[in-house]
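The values are calculated or read from the model by the stated rules, or taken from the named source; none is laboratory data. None of the values given here were measured: they were computed from a predicted structure. Cβ placement follows ideal geometry from the backbone for every residue including glycine, while neighbour counts extend to all protein chains displayed. What goes into the accessible areas is simple: the full protein's heavy atoms, side chains included, and nothing from ligands, DNA or RNA. Shrake-Rupley method; radii C 1.70, N 1.55, O 1.52, S 1.80 Å.
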Amino acid sequence: MAHLLHIDSSPRGDRSHSRRMTREFVEAWQQNHPHDTVTYRDVGRQPVPHVDEPWIAAAYTPDNQRTPELWEAIRVSDQLIDELIAADILVVGVPMYNFSVPSTFKAYIDQIVRVDRTFAIDPEDAEDPYKPLLRGKKMFVITARGSSGFGPGDRYGHMNHQDPYLRVAFGFIGITDITFVHVENDEHSSESLAASIAAAQAQVAQLAAA
């Protein structure tokens, strides 16, 4: 039995393609894996706090030296990291905003990439002191983009800071098994958008049946 962490980061509701696709993914997964469980987190409509100075102070203060105020400063971070650690599979909806991710999802990443919780620092290792602490998780990222052509070597490929950033950020904490599903052409003809949605739905159905 596996546990899924389902995250949406779009501020849109019913008009969100990424939300629609993550919902379809999780529904299909549960049909194929009826005993698996799901935790849902909506950072698009219920944003998490940005990192601030008390957060930084708390993150770099040993547990036994934290004041109640410092514990409160990282309370949300602890909740988010606990959710992440408990998950075997992540299903994440991330629209492309200005060639990267929404600020709400960036805030989420800043909350979960934390020393001694999701990565460690080994000062004795001069070659690579950063050590990921999360292993064995699978991640499915469903993106929504206004256009197509963001793949490697495509006309907008050099402008794509979404896929590479997510691979680096989650890879840094040990999540390297990442599969992307793209819904594209939201800003173009209804026919090209419909074709992209259909292709994404077929990919989602195949992945959820695995």
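Calculate, for the chain, the solvent-accessible area per residue in square angstrom, rolling a 1.4 angstrom probe over the heavy atoms of the protein chains. Intermediate results must be reported in sequence, preceding the final value.
Numbers: 10770 Å² over 210 residues.
In whole numbers, the chain has 51 Å² accessible per residue.
So in the chain, what percent of DSSP beta bridges are antiparallel if you round to the nearest 5? Mind showing how you got there, number by number?
Numbers: 4 of 30 bridges.
Antiparallel bridges make up about 15 percent of those DSSP assigns within the chain.
Quick one: ranking MET21, MET1 by accessible area, 1.4 Å probe, largest first, what do you get? Before the final figure, lay out each step's value.
Numbers: MET21 0, MET1 175 Å².
From most exposed to least exposed: MET1, MET21.
Leaving out ligands, DNA and RNA, and with a 1.4 Å probe, what % of the accessible surface on the chain is carbon or sulfur?
For the chain, the apolar C and S fraction of the accessible surface comes to 52 percent.
Mind ordering 57-64, 89-96 by average Cβ neighbours within 10 Å, highest first?
Values: 57-64: 12.6, 89-96: 24.5.
Descending packing order for the listed peptides: 89-96, 57-64.
Using alpha carbon centroids, what distance separates region 110-128 and region 1-35, in Å?
Between the Cα centres of region 110-128 and region 1-35 lies a distance of 30 Å.
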